[in-house]
Structure formats: structure tokens, C-alpha cells
Amino acid sequence: MKSTSGTKSGKDISFRMPAEWEPHEATWLAWPHYKSDWPGKFEPIPWVYAEIIRNLARHERVELIVNDVAAEKSARKVLGRANALSDNVCFHRWPTNRVWTRDSGCTFVRRGGDGRRAGPSTSQSCSRANDSAALKITRGEAADPRAVCWRFNAWAKYSNYQHDAEIGVLMAEAAEADALVAKHGKTRVVLEGGSIDVNGQGTLLTTEECLLSKVQQRNRGFGRQDYEKVFAEYLGIKNVIWLASGITGDDTHGHVDDITRFVAPDTVVTAVESDPDDPNYEPLRENIRRLREATDQDGKPLSIIELPMPSPVVFEGRRLPASYANFYIANELVLVPVFNDPNDRVALDILADLFPDRDVIGIYSGDLIWGFGAMHCMTQQQPAV
């Protein structure tokens, strides 16, 4: 990580969080190992990861976090058998508790700008494999990109997150990006990447259930204005759209990446449920009502595309947070969770129409979702420089 002199904060420099469809330098993932996240169903999970990595590595570098040397050896074996191992997969030996890099990792930002597309990076160099790395924060002149490091507390729900709490800074160091510790006053801000979605132009989506509820409370005493100030300071956000709640079965208590996503600066897809008896029916109707009343950062209404929900996915009597909205936009492709459901094809066709220049690929996630996450939860993009 670059060492610099002096002190800077988000107040001193203008930052912008790029939209997910802007060119990537790499995608960050963590190799699965915590079997308790998929009790009784862990065996297929590494093979799901291999399929995801095989597709990603064709278009961008994959920065893959593994627990140790033994874990790297195991991952290499699986990836090799699945034809997914290439020079575009780079390993980092850092211990993790879980694999949800979207939430435990840093958020890469760039110096303020208008969000116009830049050419993709041609860099293919791999960072060295690390047995350990110091938890250090640098301050000083802005780098591009820079990494916002939030405090991670396992969704205010689980106790085993000490390794994951360090991952954001380690990612920033490996990416040679200055780490910016997100604070509000003197308090470090808890935030997960899955709780927000941006259009790269200054508008952000989130939910009241996740950030304003006292259930699984992330930041005690924070209100709407506190979060909006943090978003403005660290992510360059001018306009926040507050949706109501997430979907049934989501153990994060309301992450927006399961329900509503930007697919263009002025366009969102939002999950809808057609069955009036389903517990998601009315909450998703409320969200679309709010979207119809919302505007972008320039005061213009949004284009809203409805995305169906799959039929309920239930395992061991528990409703799981299966949703097509948990897709991931990478260079030249979109990875979409599918569930052997009639609506799989409907959702893939909708997203293919919205991303005509990208391959839209369904990844079977019926086993993966038992861990309460899918494509977007497991990934974190690093914008191209």
C-alpha cells in the first residue's frame, strides 16, 4: 500500500463510486471453506465457484482469496479439473471466516468525475500470494483508485468475523490503492456492499430495513441524514433512494442487491412477486411504488424494469433468499443465479435485452443459496484505472 504524508479524508477529496458496468481491473472472490454456511450441502459449492471463476477469468483478472497453502492447493485442483485455472487467476493467502466479499471487502472508488467509460485495463500481472499482511491504514494524497474500508461486523448477527474484518484493508494493499477509513465523526462506519447499489452518476439505492432498523443495527444512533452524509463524503452520492425492505429469508435483514439494481444510469430492474399470498408480494409492491416516485440525481424519473421472482426455494423448512436480482455485472458478461425454475428463462431474457453487448450466463444456485447468498454477494469489483 502506498505510504503518503499528511492527512486526508473524504471531505478533502471528491470521490465517485463507479457503476458496476464500468470497466473492471479485476473481480475479488474468496474460496469457500466454512462448511457451516452450507450444512449438509457443502460438496457442490467449490464446483459452483469454479464455474463462476471460469467465466470471469475469460474477461478479467480474478483475485482469489484462500485461507492458506493447503486451501490454495485444493482450489487449484478443483479449478484445474473444471478447466477454470489460468494465469488470470491470482491467489492471496489470507484467512477468512466467510466468503461474502461484497460485504467484508472494501469499496473501490475513484477521484470525482462524470462517470464516462474508460478503456479497459490491459494489465494482467498477478499480486503475490500472501501468507499474512499487516493491518495498516495509509492516509495522504488520493490515489486512483482508492479503497473505502468500512467496519465489518458480520451483519450485526454472527460472532465469527475477526478475519473478515481485515479483508478490506488487505484488498486495498494488494490493489496498491490507498485505504480510506470510513468514519462519521469519530465513529467507524459499518456498511456492507450488498446494502447499496449505485448508478455511477451520484444516485444510490438502499433500504430502510437494513440501515434504519434497530434489528441487526449496524450503526447505533444513525439516521437517514447520517447515512446520506457518509454516502456523499465517501462515494460521491448526491441522491439516495430509500426503498422499504428486502425479501423473506435474507439473513442480512434487507440488502438491496436482492431486490433492486441499476442496469444503466437512468434504469433499474426491480423484483416483483406475482402471487398475492407470498410474503414478498406486498413489500416488493411497496418498493416499486417508491421507485415510481423517485428521481435520479438530476431530478429525472427512472425507467423501471420488472424482474420476476423464482418460486420459493425452501430447504429444511427454511425459505431461502433466492432472487434473480443478485446478478453480477463483469467485463463482457453478466452472471445470473438461476434455480431450475420456469422464470429462469424469463429473467435471463430480460437481462439479455438490457445488456446486449454482454453474455448473460445463468449459474445454477439452488445449492449455493443455502448459504444465503449468490453471485453479487460473493464478488467485489475493482474498477479499471
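Each value in this text was obtained by applying a stated rule to the coordinates, not by laboratory testing. All values reported here derive from a predicted model rather than from experimental measurement. In this analysis, Cβ positions are derived from the backbone assuming ideal geometry, glycine residues included, and neighbour counts consider all displayed protein chains.
Which value in deg cm²/dmol, rounded to the nearest 500, describes the helix-derived mean residue ellipticity at 222 nm for the chain, given -39,500 (n - 2.57) per DSSP H run of n ≥ 4 and division by the residue count?
So the calculated ellipticity at 222 nm is -6500 deg cm²/dmol.
If contacts are Cα pairs under 8 angstrom and at least 6 residues apart, what is the relative contact order of segment 15-383 in percent?
20 percent
Would you mind computing, in nm to one decimal, how far apart the modelled labels at Arg292 and His184 are, each placed 7 Å from Cα along Cα→Cβ?
For the pair Arg292/His184, the computed spacing is 3.1 nm.
Evaluate the distance, in nm, between pseudo-label points positioned 7 Å from the Cα of Phe315 and of Val215 along their respective Cα→Cβ axes.
The two pseudo-label positions are separated by 2.2 nm.
Return the subset of Lys186/Lys214; Lys35/Lys183; Lys35/Lys77; Lys183/Lys300; Lys41/Lys77 for which the Cα-Cα distance in this structure is over 23 Å, preserving the input order.
Pairs exceeding 23 Å: Lys35/Lys183; Lys183/Lys300.
Mind listing the phi-derived Karplus ³J(HN,Hα) values for segment 147-158, rounded to whole Hz, using 6.51, -1.76 and 1.60 with θ = phi - 60°, and x for any glycine or proline?
Result, rounded to whole Hz: 10, 7, 9, 7, 7, 10, 10, 6, 6, 6, 9, 10.
Between Trp47 and Lys157, what length comes free when the chain is fully extended (0.36 nm per residue of separation minus the Cα-Cα distance, one decimal in nm)?
36.8 nm
Would you mind computing, in nm to one decimal, how far apart the modelled labels at Asp251 and Asn340 are, each placed 7 Å from Cα along Cα→Cβ?
For the pair Asp251/Asn340, the computed spacing is 2.3 nm.
Calculated FRET efficiency, Tyr34 and Lys77, Cβ-Cβ r, R0 25 Å, to nearest 0.05? Intermediate results must be reported in sequence, preceding the final value.
Values: r = 19 Å, r/R0 = 0.75.
Working from the Cβ atoms, E equals 0.85.
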